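A short worksheet on the structure shown next.
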Amino acid sequence: MFPQGVIAYLKLFLTHAALAPAINQMGGREAADSAPCFSMRCAVPETIPPTERTRVVRESHRGAYDRQTVDKILDEAYVCHVGFSVDGQPYVIPTLYARVGDAIYFHGSAASRMLRNVSDGISVCVTVTLTDGFVLARSVFNHSMNYRSVVALGKATRVDAPEKKLEALRAFTEKILSGRWNDARQPNEKELKATSILCLPLTEVSAKIRVGPPEDDAPDYALPVWAGVIPLSLTPGAPIRDEKCDPTIPTPAYAAHYQR
Ligand SMILES: Cc1cc2nc3c(=O)[nH]c(=O)nc-3n(C[C@H](O)[C@H](O)[C@H](O)COP(=O)(O)OP(=O)(O)OC[C@H]3O[C@@H](n4cnc5c(N)ncnc54)[C@H](O)[C@@H]3O)c2cc1C
């Protein structure tokens, strides 16, 4: 018979395999197809084979390398952390981003340290995390989190063409609030110049997903300790009108009924 560890591994693998299509069914290709597409779109295969750098080592059965899983996570989250090294000093900077086709675009002020240093193209590690629940095991050691995360490696380069910059800014805006781009004043030439956009092609990328209940050591299941999952989700509150906003302007539906 299989040892306990192998059974646990198989159970997890099957859980992930069974859940992955459900997790992915709403996003992925659909989102990719509806997202504004840049002409420089590169052909990335449906599954990006892991490299020595992107192969998930610990709990490797939680790793996924198919674009549908990766895209679904990237499209649901909106903050990424961009890691890069300058003169031996690592920096990890949180910022907004959007996936457009086969690349991630992220932006910031041209004056920021990050963009000053990466404008010529720099090796980056972009990480995106969605936290889905606290996992309370019977033992402290086996406490965990349910999460979906993506790590993308590669060389980020600056997007210079104004029309491409506009497309990226539109993607950032529409990703969070569909319809906002047309309602708000769009960037003028000066604002566009002051904004730097970076592009990271999704060529070396991994996802990692933990789902399901706690996994305790066999003897611990007999302990009289509550165990289970506390689900976590991001809940928007009611919109708060800016004091300087003309009260006759109706609250747009995307703000009044914002849902995630
Ligand atoms: C909210 C949250 C909480 C976590 N808590 C813990 C914890 O308490 N203890 C713990 O050991 N781990 C935790 N993890 C997992 C952690 O991110 C790493 O996966 C783990 O520490 C090291 O895995 P590794 O040996 O495969 O990574 P490494 O050898 O460091 O990485 C190898 C490659 O695997 C891929 N990879 C590794 N981790 C991830 C990931 N999370 N998502 C996508 N790709 C990945 C990357 O491509 C990376 O380059 C947590 C993750 C999240 C999102």
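Structure data summary
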{"item": "Whether the range 84-241 is rounded, prolate or oblate, judged on the alpha carbon gyration tensor where a/c under 1.5 counts as rounded", "result": "prolate"}
{"item": "Cross-link pairs beyond the 31 Å C-alpha cut-off, checked among K72/K190; K175/K208; K72/K244; K164/K244", "result": "K72/K190; K72/K244; K164/K244"}
{"item": "Neighbour-count order for K244, K164, fewest beta carbons within 10 angstrom listed first", "result": "K244, K164"}
{"item": "Theoretical gain in end-to-end length, D242 to Q186 [0.36 nm per residue, Cα-Cα removed]", "result": "18.2 nm"}
{"item": "Whole-Å semi-axes of the range 149-190's equivalent ellipsoid (Cα gyration tensor)", "result": "23, 17, 6"}
{"item": "Segment V225-S139, length gained on full extension (0.36 nm per residue, minus Cα span)", "result": "30.1 nm"}
{"item": "Sorted by Cβ density within 10 Å, fewest first, the residues R138, R185", "result": "R185, R138"}
{"item": "Computed FRET value (nearest 0.05) for R55 with T251, which takes r as the C-beta separation and R₀ as 45 Å", "result": "0.40"}
{"item": "Cα centroid separation, the range 189-210 to the range 122-177 (Å)", "result": "10 Å"}
{"item": "Local electrostatic count, C80, Cβ distance below 13 Å [Lys/Arg +1, Asp/Glu -1]", "result": "0"}
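Bear in mind these aren't lab numbers, they're just calculated from the coordinates by the rules spelled out. Computed from a predicted model, the values in this text were never measured in an experiment. Glycine also receives a Cβ, built like all others from the backbone with ideal geometry; neighbour counts cover every protein chain displayed.
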